[in-house]
Every structure is written in C-alpha cells, then in structure tokens.
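Colleague: Encoded as structure tokens, here's the structure I'll be asking about.
The values are calculated or read from the model by the stated rules, or taken from the named source; none is laboratory data. Just so it is clear, the structure is predicted and the values come from calculations on it, not from any experiment. Every residue, glycine as well, gets a Cβ built from its backbone with ideal geometry; the counts of neighbours run over all protein chains shown.
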Amino acid sequence: MAAYDYLVVGAGLFGAVFAREAANAGRKVLVVDRRGHIAGNVYTQKIEGINVHVYGAHIFHTNDKRVWEYVTKYAEFNRFTNSPVANYKGELYSLPFNMYTFNRMWGVVTPDEAAAKIEEQRRAAGITEPKNLEEQAISLVGTDIYEKLIKGYTQKQWGRPCTELPAFIIKRLPVRLTFDNNYFNALYQGIPVGGYTKLAENLLDGIEVRLGVDYLKNRAELDALADRVVFTGPVDEFFGYALGPLEYRSVRFETEVLNTPNFQGNAAVNYTDAETPWTRIIEHKWFEFGKDEAGKELPKTVISREFSSEWKPGDEPYYPVNDEKNGALYAAYRQMAAKEEKVIFGGRLGEYKYYDMDAVIAAALARAGAELG
Ligand code: UDP
C-alpha cells in the first residue's frame, strides 16, 4: 500500500484546492512543488509592508457564487475593484472601454453619441464577420480605440500581429455605454487580505508540503509514494516534450522599491503604444489601498514593469498561446494524458488553458468532486 492516496504536484491554486478537498474527504495527501514557495503564480511576497504579486498582478473576480463562497472561507477579501488606466503617449484613458473612454477619445457625451461613433467606424472598416482579433476589436469599439488602446498593447503582449490572433482574447474585455470603470463583469471581486500566499497557506493548512522537490526529476521515487497523482505542471514537459514544446508567452518583471508614497496613483497603468517596451506598470500597494494590515499608510512604494516575451525552455510559462498550431498540439498531448490512468492533469499548465483564477478553482472542485465521490 502506498503511503499517500494523492501526490499533488504543484502548490498553485488547482493543486491547493484539490489537496484541500482530498484532505477534507479523509484522504492522505502529499503536495510537492519545485519552487521554494507555495501558491504558484499567485504567490505574493511582502516587501516594505506591501504584498507584491511576484508573478504578475492577480485580481480575483467571479460570477460563480459557489467559488466565491469557497475562497472567502479560506481568506478575507477586500473590496478592490480593478480599474486600469491606459497611457497612450501621455494621453490617459479609462479602461475597460466605457463612456469615460469614449468621451476622452471623441468628446461624445451621451451613450447614443458613443454608439453612433462606434457604428460609423465599424461601417467604414467594412467588417461583417470578424475573423481575427483586429477585426473583432474594430467591430466592438471602432478604429480609433483599436489604434490607440488595443493594437500596440496586444502586439507587445502576444508578440504577434492582431490579424494573427484569435478574436476571443479581446472579448475578455467589456465594452460599456455606461460610466463604469470596473474592468470585470463579475458579481464578486477583491484581493485576499494579507495576500494570495495567505489564501494558499490556509488551503494547505495541515497538509504535508515539500518545497524544492522536482517531481519530473524524481518521478519513480515520488510515484511510488501515492496511488494517484495530480499533475499541475506543463503537460508537454510531463511527456518529455515528446511531440515538441507547446508555446507560451512569458513575462519578465522589473520590480523596484521607490522612496515615494505614490508613483502612479493606480494599481495598473497599461502602456498601449507600440514603442514603450513594457506593457504595463503595476503599483502593488494600491491593491490594498496603500495601507498595511493595521491600516497604516505606507511611506514607500513597489512597482513592477512587465515585459512580455516569447517563452523558451527555462523561462516561466505564463500564457498559453491559443492559436491553431498549439491547439492541435495540445489536443495530441491531451490524448496521451488520457491514457495516464494514475494521473489527473489540471490547471493553466496541466490543461494548457488561459484560465482565470475562479475557473481554475471551479475546475479543481469539479475534478475533486468526481474523483472523491
Ligand atoms: N488589451 C488591450 N489593451 C489593454 C488591455 C488589454 O488591447 O489596455 C487586450 C489585449 O489583447 C489582451 C486582452 O485585451 O491580451 C486581454 O486582457 P486582460 O487584461 O484580460 O489580460 P490579462 O489580465 O490576462 O493579462
């Protein structure tokens, strides 16, 4: 008999939720992670009293009441609402695209005027059925907004022209004829008080976790420890890249502590022109209103510039590249994965899917439910 019922590889959200559910169901669980910390890419580290989102900004948002009730059992959430600002060559625009954006762009005042302007630009572009991100964007918000707020940013983020990207990526962003700067169409939104690391710690409370353990390098030995394996690392790496590597976009962060209390006045400022080398600057303290847990104002600030890059082996994978080529390659890996009877593949890397946090949690709960009965 194996020592554990489940070996969970990866202490990110999928792994931590699955481990919690298995432990709650009375199973013996061991979690391993090759990094020196838990929480995967939602990991936050305290610097100058500020919870820094080390692997990029994460803003929890969901329409799924069950997921919201689940996460709020394991952490208290604040009332942060994401309202990024777009900086196009010094012109500042509200995001997502809403009446403030349209007013600044065209001087229009009413929703009818904004809708007419969008319609006029859409017609002039002659797009009936959008086939790619560029056409989708123009048909949603018109040419001016596409040129100033979408084109440069998207091409920097994905390293590909908008004409070669799928339309669905831009559909993540709401377009509103109201004065509502909330970036997400979600009923529930916030940031865990004390950072995401605390959420992961609470999920993993009482569960054995071994850090700095690389499953793929010690597979035989670790497999022998458990009846079932939950693998949340890259699916192609699991199979030794047998069919070739799946492509990702990676992100490099340049993080600085600044001796000023307020650098940009907002958590996220997107640089939407093509020339600025970074995509956005995150000022982490504004996820928690500039205060520490005791409610005290913080004298310094921490900012991270994000540079998007093509992933190469050895880099951290962030965004799956959802084009046809990678979709087909993943489908082939998924067939291989289905034959691994002992292994459950989950999460952004295990399923090669552009998952939001809430969807990862919902997927982990569903998988755990099916598995644990
Ligand atoms: N996007 C854009 N301009 C912006 C912000 C986003 O054109 O200022 C586009 C871009 O194509 C991006 C997509 O919207 O890939 C989705 O953005 P989101 O903020 O959802 O991406 P994430 O937060 O996952 O990085």
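Colleague: State the number of residues belonging to region 21-48 that are more than 17 Å from residue 195 (Cβ to Cβ) and part of a loop (DSSP other than H, G, I, E, B).
Modeller: Count: 5.
Colleague: Residues that are crowded, with 16+ Cβ neighbours inside 10 Å, away from the ligand (no atom under 14 Å from the Cβ), under 23 Å from residue 177 (Cβ atoms) and modelled with pLDDT of 95 or more: does region 57-69 have at least one?
Modeller: no
Colleague: Regarding region 295-307, can at least one residue be identified that is within 14 Å of the ligand (Cβ to nearest atom) and either among the hydrophobic types (A, V, I, L, M, F, W, C) or exposed (fewer than 15 other Cβ atoms within 10 Å of the Cβ) (or both)? Step through it out loud before you land on a result.
Modeller: Residues of region 295-307 that are within 14 Å of the ligand (Cβ to nearest atom), as a first pass: 304, 306-307.
Applying the additional criterion that residues be either among the hydrophobic types (A, V, I, L, M, F, W, C) or exposed (fewer than 15 other Cβ atoms within 10 Å of the Cβ) (or both) yields 307.
Checking region 295-307: at least one residue is within 14 Å of the ligand (Cβ to nearest atom) and either among the hydrophobic types (A, V, I, L, M, F, W, C) or exposed (fewer than 15 other Cβ atoms within 10 Å of the Cβ) (or both).
Colleague: Can you name the residue in region 73-101 that is free of Cβ contacts under 8 Å to residues at least 40 places away in the same chain and within 16 Å of the ligand (Cβ to nearest atom) and is also farthest from residue 265 (Cα to Cα) among such residues? Walk me through how you get there before you give the answer.
Modeller: To start, the set of residues in region 73-101 that are free of Cβ contacts under 8 Å to residues at least 40 places away in the same chain comprises 73, 90, 92.
Pick out the ones that are also within 16 Å of the ligand (Cβ to nearest atom) and you get 90, 92.
Numbers: 90: 15, 92: 12 Å.
Result: 90.
Colleague: Residues of region 340-354 being of a type in the set (D, E, K, R) and either assigned to a helix (DSSP H, G or I) or surrounded by 13 or more Cβ atoms within 10 Å (Cβ to Cβ) (or both), which ones? Spell out the reasoning first.
Modeller: Filtering region 340-354 for residues of a type in the set (D, E, K, R) gives 340-342, 348, 351, 353.
Those that are of a type in the set (D, E, K, R) and either assigned to a helix (DSSP H, G or I) or surrounded by 13 or more Cβ atoms within 10 Å (Cβ to Cβ) (or both): 340, 348, 351, 353.
Colleague: Say whether the condition of being under 30 Å from residue 101 (Cβ atoms), in a loop (DSSP other than H, G, I, E, B) and either out of contact with any strand residue (DSSP E or B) (no Cβ under 9 Å at 6 or more places or on another chain) or away from the ligand (no atom under 13 Å from the Cβ) (or both) is met by at least one residue in region 195-210.
Modeller: Kept after step one, since they are under 30 Å from residue 101 (Cβ atoms), are these residues of region 195-210: 196.
Filter once more, so that each one left must be in a loop (DSSP other than H, G, I, E, B): none.
Scanning region 195-210, I find no residue that is under 30 Å from residue 101 (Cβ atoms), in a loop (DSSP other than H, G, I, E, B) and either out of contact with any strand residue (DSSP E or B) (no Cβ under 9 Å at 6 or more places or on another chain) or away from the ligand (no atom under 13 Å from the Cβ) (or both), so the answer is no.
Colleague: Ok, one more. Looking only at region 57-78, which residues are in contact with a strand residue (DSSP E or B) (Cβ under 6 Å, 6 or more places away or on another chain) and assigned to a loop (DSSP other than H, G, I, E, B)?
Modeller: If the condition is that a residue be in contact with a strand residue (DSSP E or B) (Cβ under 6 Å, 6 or more places away or on another chain) and assigned to a loop (DSSP other than H, G, I, E, B), then 57, 75, 78 are the ones that fit.
Colleague: So, one more: If a residue has to be β-branched (Val, Ile, Thr) and either over 22 Å from residue 33 (Cβ atoms) or away from the ligand (no atom under 16 Å from the Cβ) (or both) to count, how many in region 340-360 make the cut? Working first, answer last.
Modeller: Filtering region 340-360 down to residues β-branched (Val, Ile, Thr) leaves 343-344, 360.
Those still in the list that are either over 22 Å from residue 33 (Cβ atoms) or away from the ligand (no atom under 16 Å from the Cβ) (or both) too: 343-344.
So the answer is 2.
Colleague: Which of the residues that make up region 315-339 are more than 16 Å from the ligand (Cβ to nearest atom), in a loop (DSSP other than H, G, I, E, B) and in contact (Cβ under 8 Å) with a residue 60 or more places away in the chain? Show your work before the answer.
Modeller: Of the residues in region 315-339, the ones more than 16 Å from the ligand (Cβ to nearest atom) are 315, 324-325, 327-339.
Filter once more, so that each one left must be in a loop (DSSP other than H, G, I, E, B): 315, 339.
Residue satisfying the conditions is 315 alone.
Colleague: Has region 126-147 got any residue that is touching a residue at least 40 places away in the same chain (Cβ under 8 Å) and surrounded by 22 or more Cβ atoms within 10 Å (Cβ to Cβ)?
Modeller: Checked region 126-147: at least one residue is touching a residue at least 40 places away in the same chain (Cβ under 8 Å) and surrounded by 22 or more Cβ atoms within 10 Å (Cβ to Cβ).
Colleague: Would you be able to tell me the number of residues in region 154-181 that are within 12 Å of the ligand (Cβ to nearest atom), of a type outside the set (Lys, Arg) and assigned to a helix (DSSP H, G or I)?
Modeller: Number satisfying all stated conditions: 8.
Colleague: Go through the residues of region 141-153 one by one and say whether even a single one is within 15 Å of the ligand (Cβ to nearest atom), farther than 22 Å from residue 276 by Cβ and either modelled with pLDDT of 95 or more or touching a Gly at 6+ places or on another chain (Cβ under 6 Å) (or both). Write out each step before concluding.
Modeller: If we filter region 141-153 for residues that are within 15 Å of the ligand (Cβ to nearest atom), which is where we start, we get 141-153.
From the residues that got through so far, the ones that are farther than 22 Å from residue 276 by Cβ too are 142.
Still in the list and also either modelled with pLDDT of 95 or more or touching a Gly at 6+ places or on another chain (Cβ under 6 Å) (or both): 142.
Within region 141-153, one or more residues are within 15 Å of the ligand (Cβ to nearest atom), farther than 22 Å from residue 276 by Cβ and either modelled with pLDDT of 95 or more or touching a Gly at 6+ places or on another chain (Cβ under 6 Å) (or both).
Colleague: Still on this model: If you scan region 216-261, which residues turn out to be surrounded by 12 or more Cβ atoms within 10 Å (Cβ to Cβ), touching a residue at least 40 places away in the same chain (Cβ under 8 Å) and farther than 30 Å from residue 159 by Cβ?
Modeller: Within region 216-261, 222, 223, 225, 226, 227, 228, 229, 230, 261 qualify.
Colleague: Within region 126-146, which residues are outside any loop (DSSP other than H, G, I, E, B) and not hydroxyl-bearing (Ser, Thr, Tyr)? Give the steps one after another, and end with the answer.
Modeller: Initially, region 126-146 is screened for residues outside any loop (DSSP other than H, G, I, E, B), giving 133-141, 143-146.
Passing the criteria: 133, 134, 135, 136, 137, 138, 140, 141, 144, 145.
Colleague: Continuing with the same structure: Being surrounded by fewer than 16 Cβ atoms within 10 Å (Cβ to Cβ) and either under 21 Å from the mean Cα position of the chain (by Cα) or at pLDDT 95 or above (or both) narrows it down to one of 90, 12, 40, so name that one.
Modeller: Values: 12 fails: surrounded by fewer than 16 Cβ atoms within 10 Å (Cβ to Cβ); 40 fails: surrounded by fewer than 16 Cβ atoms within 10 Å (Cβ to Cβ).
Step by step, each of 90, 12, 40 is checked, and only 90 is surrounded by fewer than 16 Cβ atoms within 10 Å (Cβ to Cβ) and either under 21 Å from the mean Cα position of the chain (by Cα) or at pLDDT 95 or above (or both).
Colleague: Considering each of 154, 163 in turn, give the residue that is free of Cβ contacts under 8 Å to residues at least 60 places away in the same chain, surrounded by 17 or more Cβ atoms within 10 Å (Cβ to Cβ) and either among the aliphatic types (A, V, I, L, M) or closer than 24 Å to residue 310 by Cβ (or both).
Modeller: Numbers: 163 fails: surrounded by 17 or more Cβ atoms within 10 Å (Cβ to Cβ).
154 is the lone residue from the list that is free of Cβ contacts under 8 Å to residues at least 60 places away in the same chain, surrounded by 17 or more Cβ atoms within 10 Å (Cβ to Cβ) and either among the aliphatic types (A, V, I, L, M) or closer than 24 Å to residue 310 by Cβ (or both).
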